[in-house]
Amino acid sequence: MSRNTSVRILCVQDLLNRGYDRQKLIEELVFVNRETWSALVPERYIWTKRMVSAQLDRCPETTYCAFIDGTLVGSASFICINEQAAHSSTTWESISAHGTFATHDPDGDCAFGLDLSIIPTAQGKGISDQLLQTGFFFSIILRNLKGAFLGARVPGFAKRSQYATIEEHVFGKKGRSRDPEVRKYQSEGFRIVKIVPGYMEDPESLDYGVLMFYPNPFYTRFLPHSLFKKPAYLLRKLFL
Ligand SMILES: CC(C)(COP(=O)(O)OP(=O)(O)OC[C@H]1O[C@@H](n2cnc3c(N)ncnc32)[C@H](O)[C@@H]1OP(=O)(O)O)[C@@H](O)C(=O)NCCC(=O)NCCS
């Protein structure tokens, strides 16, 4: 797979509307999640069919899939949530309601990313950039949300923890993080909000997470975001 491989990003809602088999999609999302995460985190974080089914019931419009030649290789999803609740998030399990996304509030004014997974054989090809651009940035702009939060891993920290504190590692120098994953989100326009100890049991990150925020440059506070639901669907239909 080269960096130029053609990738298709599609919203789950649109896939299901076009007749994509729901059970097949659930199995594929479970597969992608297991392939991506099982070497990184304990089993309780790995998605089951029951969890994915609940996610698709609640968040079909905010779950995106990356396909290469018809094969699902990556996924990204967010819930809507109020800004205050996002700032108070402490663990991935609580913010995601143990992976069921029951915390999704359709009237929430911000997005909170709960998944970004690329299977190892497709990593390093820029697919996550495309998922972020279509699944997050395009979506929050079309929905007129204030912006998008996410809890980043800090996978470079365990190896460097003897030489640097978590603050030194995350904030780095001149605003450029020393962690490759945090730096990647910074390069996409996310800003560091705060370090969250115990965000996820994740040995590479020594269980730290970093709350990050991407502000929607087009946010208009005078218009309710519910007004944008219909145009968002129509614009997705035109562009995706
Ligand atoms: C992190 C992840 C989503 C990135 O997806 P991807 O499509 O492989 O990323 P891209 O090809 O767009 O970008 C790769 C860049 O990110 C950097 N990067 C991101 N995460 C990294 C990590 N965990 N380790 C090392 N480098 C990482 C690389 O250095 C690379 O930088 P470069 O382009 O300057 O060489 C993917 O590696 C993944 O699914 N990892 C496991 C699960 C995970 O950490 N998900 C994110 C949860 S917050």
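The values are calculated or read from the model by the stated rules, or taken from the named source; none is laboratory data. What you are looking at is a predicted structure, and each value in this text was computed from that prediction instead of being measured. Every residue, glycine among them, receives a Cβ derived from its backbone with ideal geometry; neighbour counts consider all protein chains shown. Heads up: the accessible areas ignore ligands, DNA and RNA and are worked out on the full protein's heavy atoms, side chains in. Shrake-Rupley method; radii C 1.70, N 1.55, O 1.52, S 1.80 Å.
On the first, second and third principal axes, largest extent first, how far apart are the outermost C-alpha atoms of segment 62-120 in Å?
That gives 40, 21, 17 Å along the principal axes, largest extent first.
Using a 1.4 angstrom probe on heavy atoms only, work out the carbon and sulfur share of the accessible area of segment 99-194 in %.
49 percent
Taking the Cα centre of segment 93-193 as origin, work out the dipole magnitude from +1 charges on Lys and Arg Cβ and -1 charges on Asp and Glu Cβ, in debye rounded to 20.
Result for segment 93-193 is approximately 620 debye, rounded to the nearest 20.
From the alpha carbon gyration tensor of the chain, can you work out the equivalent ellipsoid semi-axes (sqrt of 5 times each eigenvalue) and give them in Å, largest to smallest?
Equivalent ellipsoid of the chain: 27, 22, 17 Å, largest first.
Quick one: if you take sqrt(5λ) for each eigenvalue of the C-alpha gyration tensor of segment 16-97, what semi-axes come out, biggest first, whole angstrom?
23, 17, 11
Scan the chain and hand back the longest stretch that contains none of the trypsin sites (Lys or Arg not before Pro) lying in DSSP loops with at most 16 other Cβ atoms within 10 Å.
Answer from the scan: 19-173.
Over the alpha-carbon set of segment 13-155, divide Rg by the Kirkwood Rh and report the Rg/Rh ratio to two decimals.
0.93
Can you tell me which aspartates and glutamates have their Cα less than 20 Å from the Cα of K184? Leave out same-chain residues fewer than eight positions away.
List returned: D115, D129, E167, E168, D202, E204, D207.
Taking 0.36 nm per residue of sequence separation and subtracting the Cα-Cα distance, how much length would be gained by fully extending the chain between R183 and H98, in nm to one decimal?
27.9 nm
Using the heavy atoms of the protein chains and a 1.4 angstrom probe, tell me the accessible area per residue for segment 37-175 in square angstrom.
Computed with neighbouring chains in place, this is 39 Å² per residue.
Can you compute the helix-only [θ] at 222 nm over the chain? Use -39500 (n - 2.57) per DSSP H run of at least 4 residues, normalise by all residues, nearest 500 deg cm²/dmol.
Helix contribution divided over all residues of the chain: -8500 deg cm²/dmol.
Show me, bin by bin at 5 Å from 0, the whole-percent P(r) of segment 107-164 based on Cα pairs.
4, 16, 19, 19, 15, 13, 9, 4, 1
Calculate the spin-label point distance for R160 paired with A39, positioning each point 7 Å from the Cα along the beta-carbon direction, and give it in nanometres.
2.2 nm
Per 10 Å bin from zero, what fraction in whole % of the C-alpha pairs of segment 169-218 is there, up to the bin with the longest pair?
Per 10 Å bin, starting at 0, the Cα pair percentages come out as 26, 53, 19, 2.
Describe numerically, in nm with one decimal, the distance between label points set 7 Å from Cα along Cα→Cβ at F31 and at E201.
Between F31 and E201, the label points sit 2.8 nm apart.
About the Cα centre of the chain, what is the dipole size in debye to 20, counting +1 per Lys and Arg Cβ and -1 per Asp and Glu Cβ, all else neutral?
680 debye
Counting Lys and Arg as +1 and Asp and Glu as -1, what is the net charge of the other residues whose Cβ lies under 10 Å from the Cβ of R44?
So the surrounding residues net to -3.
I'd like the chymotrypsin sites (Phe, Trp or Tyr not before Pro) in segment 98-205 restricted to DSSP loop residues with at most 16 other Cβ atoms within 10 Å, sorted by number.
Y163
Once every Cα of segment 129-204 carries one equal point scatterer and solvent is ignored, give the base-10 log of I(q)/I(0) from the Debye formula at q = 0.12, 0.15, 0.28 Å⁻¹, two decimals.
Summing over Cα pairs of segment 129-204 leads to -0.38, -0.57, -1.36.
Put a dot 7 Å past each Cα toward the Cβ at D105 and R176; how far apart are the dots in nm?
3.8 nm
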